[in-house]
Amino acid sequence: MQDMSPSDIQGDFRKTTLNHYDGSQRVVLVTDNETPYPEGKLIVSRTDTNGNITHCNRSFVDMSGYDESEIIGQPHALLRHPDMPAAAFEDLWKTVQNGNKWHGYVKNLRKDGGYYWVYATVIPNVRNGKIVGYTSVRRKPSRKKVEEAISTYANMS
Amino acid sequence: MPYQFTVSPDFGPDQLAGWHIFNTWLQRQLETDIHFETFDNFDSQRQAIAKDQVDIIYANPYDASFLVREKGFVAVATPQKPDETTIVALAEGPTQSIEELTPGCKIAQTDDPDISMMGMMMLEPANLDSNNTVLLPQNSYIQVAKALIQGKADIGFFLTDAFDSLSTLIKGQLRSLVTSDIQVVSHALLLGPELAARKQELSQKLADMSNDAQGNSLLESLGFTAWTPMDEEEMEFMIDLIEALAA
């Protein structure tokens, strides 16, 4: 996954290096600009078993700020924000790899360095008894729950 | 015994006329007797399904999931039109947005399972759920509109198509607070186990429907422009989505 480019960023930013679950690293550029989650929208994507995106809907494209061609084939960690604790994603992966649903509040990183909060549900796609990929659905979160998540994540590694 | 064809009970009488004509078309295409059966509500339709009395169904996404996973139905085609949900309040009422709604909010809704699910989902930003709201079940979308106009309910859940097709007089008294933009969930035409072998044949005939004037006229009476063949994986994807939303 490519590092983020300063030319894509809107406004002042800070630079951080993320260490991903698979051992890879990515330099991300982050601003304090929040994009409000639009009413009624649902962000939908699917990944293969390695977490690489195979499908996404229009809302995914609109909210992430990337073109669809920049999204397909990329790891889902493309949206990972440095304020999200690694433990949250470890929990996500362990849960879905065991065949269970995961849900939680997630701060996602946009291409322009801004962010948006979602309430995310991830489920394994089981075909003939075997997990063949994962579907993730994101919807508008309650602001109260987001505030609780901010507080919880601040105390996690 | 003729086969039984039915449609999800979320359509008004205007659209049912179109489905009657569609049934005639189906009989001609499949060269077999098919009886068109309508149900007043989801409960009576589910009872018929449980007794294996339905062979062909135009199902909403929630029921389609159950029919495929539990009853061995196969998806044939979907209309080129996604299902969306609209939350509605009284035009002259105090509520301007979802986030103004408070616990104790009274919700008028039909027993349409996917619309109820999507509606409740769109109330989450206001910290509302089935534990802190009052559900007022109604028999039809017209009744949902009446419950709002009579001041019995604060908001109502509508299939967006059903809200759009309300009369101008009724619609003028109501205000849409939010409409979903899910894009990827729709009704589907399904064949039961006894007709499953004819899926490919029917799928092709449905896809061809928009190629002639008569077919287009029938599609128009059903409220959409074309059928898109649906393969097994597309159906499974929709089931995964419904499961994720129901979580």
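Pairs with C-alpha atoms separated by more than 25 Å, drawn from the list A:K130/B:K71; A:K41/A:K101; A:K101/A:K145; A:K94/B:K71; A:K15/A:K111; B:K51/B:K199, are A:K94/B:K71. Applying 1/(1 + (r/R0)^6) with r as the Cβ-Cβ distance of B:D33 and B:A196 and R0 = 22 angstrom yields a FRET efficiency of 0.75. Once the Cβ-Cβ distance of A:A87 and B:L135 is raised to the sixth power relative to R0 = 56 Å, the FRET efficiency obtained is 0.90. Beta bridges per DSSP, both residues in region B:85-179: antiparallel share near 60 percent.
A simple count of charges around B:Y62, restricted to other residues whose Cβ falls under 9 Å of its Cβ and scoring Lys, Arg +1 and Asp, Glu -1, yields -3. Ordered by the count of other Cβ atoms within 10 Å of each Cβ, fewest first, B:V185, A:V96 give A:V96, B:V185. Proximity of backbone amide H atoms, modeled 1.01 Å from N, is registered between B:D181 and A:K41, A:L42 at under 5 Å, excluding neighbours fewer than 5 places apart on the same chain. Applying a DSSP loop filter and a limit of 16 other Cβ atoms within 10 Å to the trypsin sites (Lys or Arg not before Pro) in region B:125-204 leaves B:K152. Note on B:Q15 and B:Q183: their simple-model spin labels are 2.3 nm apart, each label 7 Å out from Cα toward Cβ. Cβ under 12 Å from B:Q183's Cβ, B:Q183 left aside: what net charge do those residues give with Lys, Arg +1 and Asp, Glu -1? Combined, the nearby Lys, Arg, Asp and Glu give -1. Using the Cβ-Cβ distance between A:N155 and B:A91 with R0 set to 51 Å, the FRET efficiency works out to roughly 0.65. Axis of helix A:143-154 versus longest Cα principal axis of chain A: the two differ by about 90°, to the nearest ten degrees. Let me make sure I get this right: for region A:33-154, a, b and c are the square roots of the gyration tensor eigenvalues over alpha carbons, sorted descending. Under 1.5 in a/c it's rounded, otherwise prolate if a/b > b/c, else oblate. Which is it? Oblate, because a/c is 1.5 or more while a/b does not exceed b/c.
One decimal place: the segment B:A50-B:M117 gains 21.9 nm when fully extended, by the rule 0.36 nm per residue minus the C-alpha distance.
Every read-out reported here was derived from the displayed coordinates using simple, explicitly stated rules and does not represent laboratory data. All of these numbers come straight from a predicted model, not from anything done at the bench. Cβ atoms come from the backbone with ideal geometry, glycine included; neighbour counts cover every protein chain shown.
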